[in-house]
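Just so you know, all these numbers are worked out from the coordinates, no wet-lab data involved. Because the structure is predicted, anything quoted here is derived from the model rather than measured. Backbone-built Cβ (ideal geometry, glycine too); neighbour counts: all protein chains shown.
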Amino acid sequence: MIDSLDQIFVSLKHWLVGLTPEAWQPLVSILVSIVPIMALFGTCFAATTIFERKILGRAQNRLGPNRVRAFGVKTFGLLQPIADGIKMLTKEDIVPFAADKVVHFLAPVVLTTPAWMLFSVIPLGRNMAAIDLDAGILFFFAVGSASELAVFMAGWSSKNKYSLVGSMRAIAQMISYEVPLVLSTIPVLMLAGTLSPSQVVEAQGVGTGFFAHWFVFTPWGLSGFVVFLIAATAESNRSPFDLPEAESEIIAGFLTEYSGFKYALFFLGEYIGLFAVAGMAVTLFLGGWQAPCKALEFIPSYLWFFGKFAVLIVFFIWVRATLPRLRLDQLLALAWRFLVPLALINLVVAALWHFMGSWQFIAAMPVRWGICAMLVVLPFVWFARLLNGGKVAPRKYRYAE
Amino acid sequence: MLGLGIIKGLVETGRNFVGSYFKPERLVTIQYPEKHLPPVEAARTIPFLVYDGKDSMKGLRCTACTICETECPPKCIYIVKDTVKKPDYLGKMQNQPKVFDIDISVCMGCGICVEVCPFESIKMDQVFELSGSDRFGAMLLHKAQLVKSNDYFGEICHEQATQINAARADDVRKAEAKAKADADAKAKAAAVAVSNAAAGVAAVAASSMTATPGTTQPDSKPAPKAASTSTPLPAPSKPTVPSATP
């Protein structure tokens, strides 16, 4: 019973595919995988836009959007995405006279398509990865880096100084943060011994013990998770790393010359990229669709995945509501002088953790934990101080006179 | 340590998030079209014409002197004088406007018309929901749309209206006293004339001389002068002379 509920979508897909003639089955199988993913994450996108604005509003002691009505019925703003969508679709699509029109047109497509492709390798539940690639994580990062190209296409083709500045910031930021993002996943791959997302999730299962072995519950996993989250925020151009779109500085960055549906596509692509990277964070560190302990395994695996996914999204929104934007040099210093060294040290910590796992003496476990935790915390404190110019005292501000 | 400030900030926004659901007083925004903030006395938008009493046309204070029309910097006021006169609050016959238009799409809300008006008849309003679907007709307000009662003025600018009302009541009292004094003087003169009827031409001439100042010299000093001096109106902004050197 529990198993059938857990596998309900998988069985449904097999049944649907089985209805069609043999020759069509590969195509139908692909379609049946793609359509639910696009519908689901499309809905997630719509829901996130409204809930993000609601949460941001509440975090600033405002109400947020609450006025959309449907046929005279109050909806408390829940239909805001529909209103926004209609607005976006009916707006004039302006292409600058001097723009490179083909590239200008292609940029939103190039951003959105790879963003959707990222979901193909993320296991949304037990046996619920659209494609179970052996090198799925490699595929994820390879395809994910295509968004940089799209951003630069948008900035270059617009023939606008703000667009160009925005896209150059974006390139600097995204390439810098790609390094810690990938470096922070390597320990996971090392200890799981695979590049397949499904097997990474399997490795974090409850197994024979009582609690699940999520990687975030280890010193190297926690460190990697934090680095991954920071890098993921920067990769998806979200506050506090929203320099490419900094409204107060460069209008809308590479989006300046986009309007109407192309703008909506960019918006969609960014959120889809955020969802994908949040899904990958869940897969790599938070145990994917695994329940945290044996007693909770009766809850279907896809609900576990989406619960963790929703928590991460809310956390991203919460961070956006809290932190101000970084300066460009601070941003790059954070990547190269803080996150990259931490991620590199984390490789050593993960290796130590792995080899200390075979120790057999009495206090092996606490010693293993102590050494690894120290190797995580001390570099963190040390590099944080270096980041602040080696000073421990609070920074003193001097103002122009 | 790096990150503590971030955690403090997250706690603060988290507290705001939860608190705004449980303590409505935390919310700083007003749900505008349904609710309004209490009006501010110093607020000003467009001018309106003040009238006394019930009838807006009979009680209109405006005398069509066109000072405001002349002084208006963007020239948004248009006045045509009526041929028929009407009595003002002191009973004196005054001109009245036949047409009084203000183009509120041109008006810049400076309040100079209010500064220059000697009759306290034009004041700044506080209405701000003035949008219309017509760019030209709906933005041109006519006399009938511009008139508002003195009671309304008392509501939006209580202190100023009280002072003006007191000054005008004072004027009325003075005028009445003057009229009464004149009447007394006239009556006395008449009585003297009657009693001195037989006393000869010289005496009559003398009595008529005492009566003459009373009739030919009514208190013609414009009543609102007193009010405008006692009213704390905002001083007209002096144009600053731009210095040649930056």
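Structure data summary
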| item | result |
| --- | --- |
| Environment charge of A:ALA129, counting only residues whose C-beta is closer than 14 Å and scoring Lys/Arg +1, Asp/Glu -1 | -1 |
| Nonlocal amide H pairs with A:ALA129, under 5 Å, H built at 1.01 Å | A:LEU124 |
| Top of A:GLY72, A:GLY357, A:GLY307 by mean-square fluctuation, Gaussian network on chain A, Cα under 10 Å | A:GLY72 |
| Under 14 Å, Cβ to Cβ, from A:LYS74 - net charge with Lys/Arg +1 and Asp/Glu -1 | +1 |
| Peptide A:321-327, shielding by other chains (average Cβ, 10 Å cutoff) | 3 |
| Choice from A:ALA83, A:ALA343, A:ALA203 showing the highest fluctuation, given a GNM over chain A with Cα pairs closer than 10 Å | A:ALA83 |
| Charge context of A:GLY269, other residues only, Cβ under 14 angstrom, K/R +1, D/E -1 | -2 |
| Residue-averaged beta-carbon neighbours from other chains (10 angstrom radius) around B:11-17 | 6 |
| Total charge dipole magnitude, chain A, about the Cα centre, Cβ charges on Lys, Arg, Asp, Glu only, Debye to nearest 20 | 1440 debye |
| Residue-averaged beta-carbon neighbours from other chains (10 angstrom radius) around B:64-76 | 0 |
| DSSP-defined antiparallel bridges as percent of all bridges, the protein assembly as shown, nearest 5 | 85 percent |
| Proxy reagent accessibility, fewest Cβ within 10 Å first, across A:ASP6, A:ASP100 | A:ASP100, A:ASP6 |
| Cα centroid separation - region A:278-331 against region B:44-68, whole Å | 67 Å |
| Stokes-Einstein D (µm²/s) once Rh is taken as the Kirkwood radius of chain A over alpha-carbon pairs, at 25 °C in 0.890 mPa s | 107 µm²/s |
| Backbone N within region A:245-263 under 19 Å of label point (7 Å from A:LYS161 Cα along the Cβ vector) | A:245-258 |
| For B:GLN94, distant residues with modelled amide H under 5 Å away | B:LYS86, B:ASP88 |
| FRET efficiency for B:LYS8 and A:ILE362, using Cβ-Cβ distance with R0 set to 56 Å, rounded to 0.05 | 0.85 |
| Kyte-Doolittle at least 0.0, axis length at least 18 Å by Cα - qualifying DSSP helices, chain A | A:25-59, A:101-117, A:161-192, A:219-235, A:260-285, A:301-322, A:340-356, A:364-387 |
| Farthest toward positive dipole pole in the protein assembly as shown [+1 Lys/Arg, -1 Asp/Glu at C-beta], among B:PRO47, A:PRO366, A:TRP304 | B:PRO47 |
| Inter-site label distance for A:VAL381 and B:ILE112 at 7 Å from Cα along Cβ, in nm | 7.0 nm |
| Per-bin percent of Cα-Cα distances, region A:175-294 [5 Å] | 2, 11, 17, 19, 15, 11, 9, 7, 5, 2, 1, 0 |
| For chain A, calculated [θ]222 nm from helices alone, where every DSSP H run of n ≥ 4 adds -39500 (n - 2.57) | -21500 deg cm²/dmol |
| Fewest-first ranking of A:HIS14, A:HIS104, using other Cβ atoms within 10 Å as the exposure measure | A:HIS14, A:HIS104 |
| GNM top mover of A:ARG337, A:ARG169, A:ARG67 - chain A, alpha-carbon springs below 10 Å | A:ARG67 |
| Fewest-first ranking of B:HIS36, A:HIS213, using other Cβ atoms within 10 Å as the exposure measure | B:HIS36, A:HIS213 |
| Per-pair calculated FRET efficiency, R0 = 25 Å: A:VAL103 and A:SER259 via Cβ, rounded to 0.05 | 0.90 |
| In region A:1-93, GluC sites (Glu not before Pro) in a DSSP loop with at most 10 other beta-carbon atoms within 10 Å | A:GLU92 |
| Distance between region A:119-156 and region A:23-98 - C-alpha centres, whole angstrom | 22 Å |
